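Participant: Take a look at the following structure, please.
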Amino acid sequence: MTVLVIGSIALDTLETPFGKVEDELGGAGSYFSFAASALTPVQLVGVVGSDFPERHIETFRSRGVDLRGLQRVEGGKTFRWSGRYEYDMNVAHTLDTQLNVFGEFEPNLPESYREAQFVYLANITPRVQLEVLDQVRNPRFVGLDSMNFWINNPDTKRDLTKVIQRVNAVFMNDAEIRQYTGKYNLFEAARGILALGPQVVLMKKGEHGAVAVSREGVFVAAAYPLETVKDPTGAGDSFAGGFMGHLAQSGDTSWAGIKRALVFGSVIASFAVESFGVEGLLQMQPEAIEDRFETLRNCTIFDSLPRPAAAAGT
Ligand code: AMP
């Protein structure tokens, strides 16, 4: 089944200890699309300016991403983000965010998008996330991501709470969960988010993996043990793309299906961070995805304790 995604489509300028790029293709919606399209068809909703290079449009096309929901504003400027990572690459330092055409964006979904069953509200203004959700008729599973930029401001935080109340899964990293709930303990914080309505909270913990918390239990997925990490930008969106892509592909939204999707998220994110920008996702091959899934399974599977021998005579 198809996944519909709304999120930033950006020109990113970023620096890590391993290199620097300027005005390269990025954005939460882009990373998500390239990640999920390895598993299932993707419909993208978003907006770019007339400065958005045609070669990037071709990149989306080459992955079969449906672009009927992508608007181009003539004379407008594309969303831009600039960030830096130090040696602790789990923390992104935002240097600049320019909403540009996203500031005025009023999404209008093509008819073919409105029946979407799986919807992902990637990081962007919560008002835009809500407007997209309002136009999808009867979604089966909706995921949501956000970040400190929207949690810091009381107005956008209020809108974010309205979105959280309408989704099945909330993706946040540990800092964002603490910031949103005002609670330090992550399990207590996750319970607070579940109390607003979602079925599961997916806590992203960078190189330490991810944890799902639902009313059915807690599940921990390790990060894939990579020896080369060059650029963590988009890891969260790629994780979500792997997760939602697998859910849509399998159609299994049970707790068991969610646990497996979490492992897919970790696997797909590992391809994103190995190279700069979206390159790692574009090079990813189906056999390599399966290999990494099995490796991760073998890294984390273990036997239960031996059963105590039955007492003599009983
Ligand atoms: P991630 O590393 O998964 O959190 O996502 C990185 C991507 O998010 C970058 O490519 C940015 O263009 C995009 N981004 C950064 N800040 C924002 C924001 N405030 N709203 C939407 N997208 C953003």
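Participant: How many angstrom lie between the Cα centre of the stretch 176-247 and the Cα centre of the stretch 263-314?
Facilitator: Result: 16 Å between the Cα centres.
Participant: Please compute the contact order of the chain in relative form: average sequence separation of alpha-carbon pairs under 8 Å and at least six residues apart, divided by the residue count, as a percent.
Facilitator: Across the chain, relative contact order equals 17 percent.
Participant: Per-residue ellipticity at 222 nm for the chain, helices alone: DSSP H runs ≥ 4 residues times -39500 (n - 2.57), over residue total, nearest 500 deg cm²/dmol?
Facilitator: -11000 deg cm²/dmol
Participant: Dimensions of the stretch 7-79 along principal axes (Cα, Å, largest first)?
Facilitator: That works out to 34, 33, 19 Å along the principal axes.
Participant: Provide the convex hull volume over Cα atoms per residue for the stretch 207-294, in Å³.
Facilitator: Hull volume over Cα atoms, normalised by residue count, gives 89 Å³.
Participant: Per residue, what accessible area does the chain have, given a 1.4 Å probe and all protein chains present, in Å²?
Facilitator: Ligands and nucleic acids excluded, the figure is 45 Å² per residue.
Participant: If the cut-off is 30 Å between C-alpha atoms, which lysines fall inside it for K162, apart from same-chain ones fewer than 8 positions away?
Facilitator: Correct list for K162: K77, K183, K204, K205, K259.
Participant: Cα atoms only: what Rg and Dmax, in Å, come out for the stretch 124-242?
Facilitator: Reported Rg and Dmax, both Å: 14.3, 44.
Participant: Out of the DSSP beta bridges found with both residues in the chain, what percent are antiparallel (nearest 5)?
Facilitator: 40
Participant: Quick check on packing: order 28-41, 185-198 by the mean number of other C-beta atoms within 10 Å, highest mean leading.
Facilitator: Going by the mean number of other Cβ atoms within 10 Å, highest first, we get 28-41, 185-198.
Participant: Could you pull the accessible area for R297 with a 1.4 Å probe, rounded to 10 Å²?
Facilitator: Here the residue's solvent-accessible area equals roughly 110 Å².
Participant: Kindly give the semi-axes, whole Å and largest first, of the ellipsoid equivalent to the stretch 251-293, taking each as the square root of 5 times a Cα gyration tensor eigenvalue.
Facilitator: Value: 23, 11, 8 Å, ordered largest first.
Participant: Can you say what percent of the DSSP beta bridges in the stretch 2-124, counting only those with both residues inside, are antiparallel? Round to 5.
Facilitator: Roughly 40 percent of the DSSP beta bridges within the stretch 2-124 come out antiparallel.
Participant: While we're here: Regarding the stretch 146-205, what are the three Cα extents along the principal axes, ordered largest first, in Å?
Facilitator: 26, 22, 16
Participant: Please report the antiparallel percentage of the DSSP beta bridges confined to the stretch 169-214, to the nearest 5.
Facilitator: Looking only at bridges with both residues in the stretch 169-214, the antiparallel portion is about 50 percent.
Participant: Using only the Cα atoms of the stretch 176-240, what do you get for the radius of gyration and for Dmax, in Å?
Facilitator: For the stretch 176-240, the Cα radius of gyration and maximum Cα-Cα distance read 13.0, 39 Å.
Participant: Would you compute, for the Cα atoms of the stretch 40-179, the largest minus smallest coordinate along each principal axis and list the three values in descending order, in whole Å?
Facilitator: Cα extents, longest axis first: 38, 35, 28 Å.
Participant: What nm value, rounded to one decimal, do you get for the distance between V91 and S62 when each label is placed 7 Å out toward the C-beta?
Facilitator: Rounded to a tenth, the inter-label distance reads 3.6 nm.
Participant: Need one number: the % of Cα-Cα pairs in the chain sitting beyond the 25 Å mark.
Facilitator: Summing the P(r) tail past 25 Å for the chain gives 46 percent.
The values are calculated or read from the model by the stated rules, or taken from the named source; none is laboratory data. Since we're looking at a predicted model, the values are computed, not measured. With ideal geometry, Cβ positions are generated from the backbone for all residues, glycine too; neighbour counts draw on all protein chains shown. In case anyone asks, the SASA skips ligands and DNA or RNA and just uses the protein heavy atoms, side chains included. Shrake-Rupley method; radii C 1.70, N 1.55, O 1.52, S 1.80 Å.
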